[in-house]
1. Based only on Cα atoms, what mean projected area does the convex hull of the range 121-244 have, in nm²?
2. Sum -39500 (n - 2.57) across every DSSP H segment of at least 4 residues in the chain, then divide by the residue count to get the 222 nm mean residue ellipticity, nearest 500.
3. Sequence gap at least 6, Cα distance under 8 Å: using those rules, report the relative contact order of the chain to the nearest whole percent.
4. Is the range 324-376 rounded, prolate or oblate when judged by the Cα gyration tensor, a ≥ b ≥ c being the square roots of its eigenvalues, rounded requiring a/c under 1.5 and prolate requiring a/b larger than b/c?
5. Could I have the simple spin-label model distance between residue 362 and residue 198, label points 7 Å from Cα toward Cβ, reported in nm to one decimal?
6. Using Cα pairs under 8 angstrom and six or more residues apart, how large is the relative contact order of the range 215-360, in percent?
7. Compute the label zone of residue 145 within the range 104-132: residues whose backbone N is under 18 Å from the point 7 Å along Cα-to-Cβ.
8. Give, as ranges by residue number, the residues of the range 159-193 whose backbone N falls under 19 Å from the point 7 Å along Cα→Cβ of residue 251.
Ligand code: COA
């Protein structure tokens with residue numbers, strides 16, 4: 001079965017879901033089997049060993065941006081340095097209360113060269129630098145200059161926390177960034193492709209995508225997942241807490257997905273990365289992987305059971321956000337930075353999709369169905 005034919009068969013909950021919006025060689029989401037393929041590789045295999053630079057090289061090359069991305073690590077490091085040099089020129093962008101508002105306003109200042117590959121690298125560097133600088137400012141601290149010798153994930157952690165991370169933490173963050181680098185025609189990627197299809201530029205497309213990612217139904221769930229785990233506190237309290245939420249008509253954050261009808265494969269990847277990180281997080285301040293992973297597993301199992309009992313016809317399983325929350329907390333990122341950190345990884349996919357869309361030369365122009373009144 002072709003990808004396009006498969007997409008048309010994905011179960012839908014609104015009349016327009018499953019409509020094929022583009023042919024893509026970048027990633028394939030199989031909602032029935034719970035499989036994510038990124039440019040020919042299963043996400044599990046990529047997340048085990050690849051760094052964000054590797055998956056960026058893979059995605060950008062797949063989208064036809066091969067030439068300037070051959071030695072990506074130094075190019076991306078230079079992009080971080082360039083973005084840090086422009087921090088003083090961002091006006092009040094970093095003063096925003098919400099990290100995604102800061103990212104939207106700050107990334108909008110990224111210069112556009114008009115060369116897609118150059119612009120993809122520049123904007124990828126800018127997202128990490130601006131997210132980190134926003135978190136520092138929010139904590140009343142000065143920004144930390146990039147360290148070009150470090151990988152992108154390690155340097156991002158360093159720019160946020162002020163200290164070089166342990167290799168285990170940098171590896172865990174890389175596993176996360178790789179895992180979220182691309183995911184089919186999700187809302188933010190679609191937004192980026194629509195902007196790119198008009199002949200606009202990479203930065204405008206990424207700014208639109210940031211706006212779409214901000215919403216709690218897309219990228220805004222991991223903070224609330226951690227709030228939920230904190231509120232539950234211990235596995236024994238999970239059932240009563242979750243049942244009360246459902247009885248009050250509220251959704252369980254980190255559960256359910258528009259496409260997956262089984263457990264999101266990215267949840268398993270992140271759960272494994274967390275288990276590998278656990279020995280690194282045994283210190284007293286590290287509620288992270290060591291403390292929260294058993295609780296998260298217990299809450300997931302209880303939530304899945306309660307949701308199954310309520311709606312046997314509508315499978316609702318853990319999505320990527322569930323273990324994202326625990327992992328990002330464990331590597332030392334503040335929860336207000338969770339959604340901006342999603343953008344640090346996803347910008348690689350957005351820019352690859354922009355290149356792929358530009359190569360088609362086609363304007364995306366979906367139809368609407370008029371349901372209003374007709375003139376008398
Ligand atoms: N908790 C409780 N019930 C849920 C639920 C959840 N997390 N997710 C879906 N449902 C229920 C809905 O209430 C609805 O029930 P109803 O038909 O009785 O009204 C039914 O399942 C179908 O929901 P629907 O909104 O059509 O599904 P969707 O495909 O639009 O939703 C999400 C996908 C991700 C938006 C949804 O599952 C959700 O809101 N999850 C929580 C937020 C989250 O984790 N977001 C991150 C996504 S990666």
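1. 10.3 nm²
2. Helices in the chain give a 222 nm mean residue ellipticity of -17500 deg cm²/dmol.
3. Over the chain, the number comes to 24 percent.
4. oblate
5. Those two pseudo-labels are separated by 2.0 nm.
6. Here the relative contact order equals 35 percent.
7. 126, 129-130, 132
8. 183-191
Each reported figure results from applying straightforward, stated rules to the coordinates on display, with no laboratory input. All figures in this text were calculated on a predicted structure; none of them were measured in a lab. Positions of Cβ are generated from backbone atoms using ideal geometry, with glycine treated the same way; all protein chains shown enter the neighbour counts.
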